[in-house]
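Input: a single structure, listed below in structure tokens.
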């Protein structure tokens, strides 16, 4: 899986950071960073949660 | 063997439950039942983007990109569920059909409260669904004078959208300070001042005694004896959970559908979102929570437990979170405050209307409000989830 974030839609709610801290981080620059673009399958449930919880639908997954 | 799962309620919680079931590999029959004719859509933009005219109503639909084919749903839209037979494991719909299930997820949400004994009339509106938003937006086109009954989040967001369109707006709030039960008096006062600065006629400590006009609303009468003209009257005084269809089913209804920590209302029956009262370990209670994020979290949790079964269920624990956009300000709030909690502003200031505030009860951190300071939330969300002490919160670390 590949994590794709549309930064133009990101509103910094930070729920993805909470759901999958291994994958998402909000830096001191106030911008969302994807730490792992192709996370291991073991992180699947966490990444799914991040996708589902994003209020703006900014995160999507490509297989 | 699970073959059939029925979800009643086709809004955020219902959709997220369906998505999670498919994510986790459920490949049986999945029925999604909703009383509105629309595909699932997102409610938060209704009071902002849609009312302000920045979005067309269709832009609120979920899964615009992914579509619904991959979910392989039997979608029953525009039809209300009227009852459930727990023994037969069968939901009856208003069109006379039935849906059998092995697991049931209830996500029927809530509907706006109305003023008792007030006859419906043209120009007297509520805002909950897409059709409500379309009707209110249409009414706002004619440059009306708007009165909003209720200075809660929905009322204040509608007020901000009216001002964005240049409409004169009066908000009537029964409390002396709007939002004070949720944000505390200090921040409630600040929100009130923000609205007054933007030209809202905010009247507090009064209640509406009558909406004037016969076939159409023409004004509002207040408990202080005053009355004023209005062409559009929006009622935003909270919501009632949609549980009537469950009466007599044997499920426990008490200001919502009461569930255990697994999100179960009865064996094989789960609930999520505004209709549900799920025992929440963080909260130490089973509150009914009307937040967007809560609907998602409970839906994911209910779906996972529906698949896992009672032996492998997990308990729900979540720090409540909501946000509200008003003018150029975003209020983000995490945790749960009470009116007498001590509030300390740890960054920014009330004067700048840009700040981070922490709420203290005893020696615990119980909530955090961030106003146009989104990055602050990450840190305090972690601390709240870890049930951090006040001292630890002030030092910014979960230790101690």
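The values are calculated or read from the model by the stated rules, or taken from the named source; none is laboratory data. Here the structure is a predicted model, which is why all the values come from computation and not from measurement. Note that each Cβ is placed from the backbone with ideal geometry, even for glycine, and that neighbours are counted across all protein chains shown.
All of B:284, B:263, B:248 fail the test of being crowded, with 17+ Cβ neighbours inside 10 Å and at positive phi, apart from B:263.
Would you check if residue B:290 is at pLDDT 95 or above, crowded, with 17+ Cβ neighbours inside 10 Å and more than 14 Å from chain A (Cβ to nearest Cβ)? Yes: the conditions hold for residue B:290.
If residue B:144 meets every condition in (1) surrounded by fewer than 22 Cβ atoms within 10 Å (Cβ to Cβ); (2) under 25 Å from residue B:51 (Cα atoms); (3) at pLDDT 95 or above apart from one, which number is that one? Unmet condition: (3). Restricting the stretch B:318-330 to residues that are away from every other protein chain (no Cβ under 13 Å) and part of a loop (DSSP other than H, G, I, E, B), the residue that is nearest to the chain's Cα centre (by Cα) is B:327.
Can we say residue B:51 is within 30 Å of residue B:143 (Cβ to Cβ) and modelled with pLDDT of 95 or more? The answer is yes for residue B:51.
Scanning the stretch B:65-96 for residues that are part of a loop (DSSP other than H, G, I, E, B) and closer than 21 Å to residue B:18 by Cα returns B:65, B:66, B:67, B:68, B:72, B:73, B:78, B:79, B:80, B:86, B:89.
Can you tell me which residue is modelled with the lowest pLDDT among those in the stretch B:6-26 that are outside any loop (DSSP other than H, G, I, E, B) and over 14 Å from residue B:62 (Cα atoms)? I'd like the intermediate steps shown before the answer.
Residues of the stretch B:6-26 that are outside any loop (DSSP other than H, G, I, E, B), as a first pass: B:6-8, B:12-23.
Those left that are additionally over 14 Å from residue B:62 (Cα atoms): B:6-8, B:20-23.
Numbers: B:6: 98, B:7: 99, B:8: 99, B:20: 95, B:21: 97, B:22: 96, B:23: 91.
Applying the filter and picking the extreme gives B:23.
Of the residues making up the stretch A:11-30, those that are facing chain B (nearest Cβ under 10 Å) and under 16 Å from residue B:293 (Cα atoms) are A:11, A:12, A:13, A:14, A:15, A:17, A:18, A:19.
Considering only the stretch A:28-63, state which residues are in contact (Cβ under 8 Å) with a residue 40 or more places away in the chain and either surrounded by 11 or more Cβ atoms within 10 Å (Cβ to Cβ) or under 26 Å from residue B:332 (Cβ atoms) (or both).
Answer for the stretch A:28-63, where residues must be in contact (Cβ under 8 Å) with a residue 40 or more places away in the chain and either surrounded by 11 or more Cβ atoms within 10 Å (Cβ to Cβ) or under 26 Å from residue B:332 (Cβ atoms) (or both): A:44, A:47, A:54, A:55, A:56, A:57, A:58, A:59, A:60, A:61.
Residues are listed down the side, and each one gets a yes or a no for (1) under 28 Å from the mean Cα position of the chain (by Cα); (2) away from chain A (no Cβ under 12 Å):
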position: B:354; (1), (2): yes, yes
position: B:357; (1), (2): yes, yes
position: B:364; (1), (2): yes, yes
position: B:373; (1), (2): yes, no
position: B:379; (1), (2): yes, no
position: B:384; (1), (2): yes, no
position: B:391; (1), (2): no, yes
position: B:394; (1), (2): no, yes
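Residues of the stretch B:15-33 that are more than 12 Å from every other protein chain (Cβ to nearest Cβ) and in contact with a helix residue (DSSP H, G or I) (Cβ under 7 Å, 6 or more places away or on another chain): B:26, B:30, B:32. Taking the listed residues B:357, B:295, B:308, the one that is assigned by TED's automatic domain parsing to the domain that holds residue B:92 and surrounded by 18 or more Cβ atoms within 10 Å (Cβ to Cβ) is B:295, with no other qualifying. Scanning the stretch B:345-370 for residues that are in contact with a helix residue (DSSP H, G or I) (Cβ under 8 Å, 6 or more places away or on another chain) and under 22 Å from residue A:27 (Cβ atoms) yields B:346, B:347, B:356, B:368, B:370. Here residue B:283 passes the criteria (1) under 20 Å from residue B:334 (Cβ atoms); (2) touching a helix residue (DSSP H, G or I) at 6+ places or on another chain (Cβ under 8 Å); (3) in the same structural domain as residue B:27 (by TED's automatic domain parsing); (4) in a loop (DSSP other than H, G, I, E, B) except the one numbered (2).
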